[in-house]
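Novice: Supplied in structure tokens, the structure appears directly below.
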Amino acid sequence: MSVVQTIDIATCQLIRKIVFTDEQGVSTEDEVDGMDESSFHFLSYVEGKPVGTARVSTKDGSAKIGRVCVLKEVRGTYQGQALIQACLDWARAENHPRAVLGAQLDALGFYEGFGFKAYGEVFNDAGIDHRMMELFL
């Protein structure tokens, strides 16, 4: 397993399509939001095959982590944790004081494991309930 920063946006988008559009029913219009070109991307690999992705953008001085997903066949193998850790390491290296993300409600516990704290009200994003979370770095 390895996680690397990448400029291979097409592979990131393919993984996101499989997870978000095909599996979770998110529309292509909601998933492809125009933020990819201005974001930093990460890919997780198992035996040379890309199996997960995440991206980080900067907003108001914070690192905003998003589009975190792992292919179904490798869930439970710590790919998601490795991706989040890579995003947090990047944010710290870039001297961002805070990381934020919008978490699907069923993923709150996953992010709490990194020290993220939920704030604000539940909101609907692409038909899925989310809450904002933050971690001071």
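Novice: Looking for whichever is of a type outside the set (D, E, K, R), surrounded by 11 or more Cβ atoms within 10 Å (Cβ to Cβ) and touching a Leu at 6+ places or on another chain (Cβ under 7 Å) here; the options are Gly80, Gly115, Gly120. Which one fits?
Specialist: After ruling out the rest, the residue left standing is Gly115.
Novice: Would you pick out the residues in segment 1-44 that are among the charged types (D, E, K, R), under 24 Å from Ile128 (Cα atoms) and assigned to a helix (DSSP H, G or I)?
Specialist: Matches in segment 1-44: Arg16, Lys17, Asp22, Glu23, Glu29, Asp30, Glu31, Asp36.
Novice: Of everything in segment 48-89 that's modelled with pLDDT of 95 or more and acidic (Asp, Glu), which residue is farthest from the chain's Cα centre (by Cα)?
Specialist: Filtering segment 48-89 for residues that are modelled with pLDDT of 95 or more and acidic (Asp, Glu), the one farthest from the chain's Cα centre (by Cα) comes out as Glu73.
Novice: Can you name the condition, by its number, that Leu71 falls short on among (1) surrounded by fewer than 16 Cβ atoms within 10 Å (Cβ to Cβ); (2) under 18 Å from Phe110 (Cα atoms); (3) not basic (Lys, Arg)?
Specialist: Unmet for Leu71, out of (1) surrounded by fewer than 16 Cβ atoms within 10 Å (Cβ to Cβ); (2) under 18 Å from Phe110 (Cα atoms); (3) not basic (Lys, Arg): (1).
Novice: Considering only segment 88-96, I want to know if a residue exists there that is buried (at least 16 other Cβ atoms within 10 Å of the Cβ), of a type outside the set (Lys, Arg) and closer than 17 Å to His130 by Cβ.
Specialist: no
Novice: Continuing with the same structure: When segment 110-125 is examined, which residues are found to be within 15 Å of the chain's Cα centre (by Cα) and under 26 Å from Asp22 (Cα atoms)?
Specialist: Within segment 110-125, Phe110, Tyr111, Asp125 qualify.
Novice: Go through segment 82-126 and report how many residues are touching a residue at least 60 places away in the same chain (Cβ under 8 Å) and in a helix (DSSP H, G or I).
Specialist: Of the residues in that region, 5 qualify.
Novice: Also: So Gly61 ticks every box in (1) more than 16 Å from Phe136 (Cβ to Cβ); (2) loosely packed, with under 14 Cβ neighbours inside 10 Å; (3) in contact with a Lys or Arg (Cβ under 8 Å, 6 or more places away or on another chain) but one. Which box is left unticked?
Specialist: Among (1) more than 16 Å from Phe136 (Cβ to Cβ); (2) loosely packed, with under 14 Cβ neighbours inside 10 Å; (3) in contact with a Lys or Arg (Cβ under 8 Å, 6 or more places away or on another chain), the lone unmet condition for Gly61 is (1).
The values are calculated or read from the model by the stated rules, or taken from the named source; none is laboratory data. In this text, all values refer to a predicted model and were calculated from it rather than measured experimentally. Glycine gets a Cβ as well: all are built from the backbone with ideal geometry, and neighbour counts include every protein chain shown.
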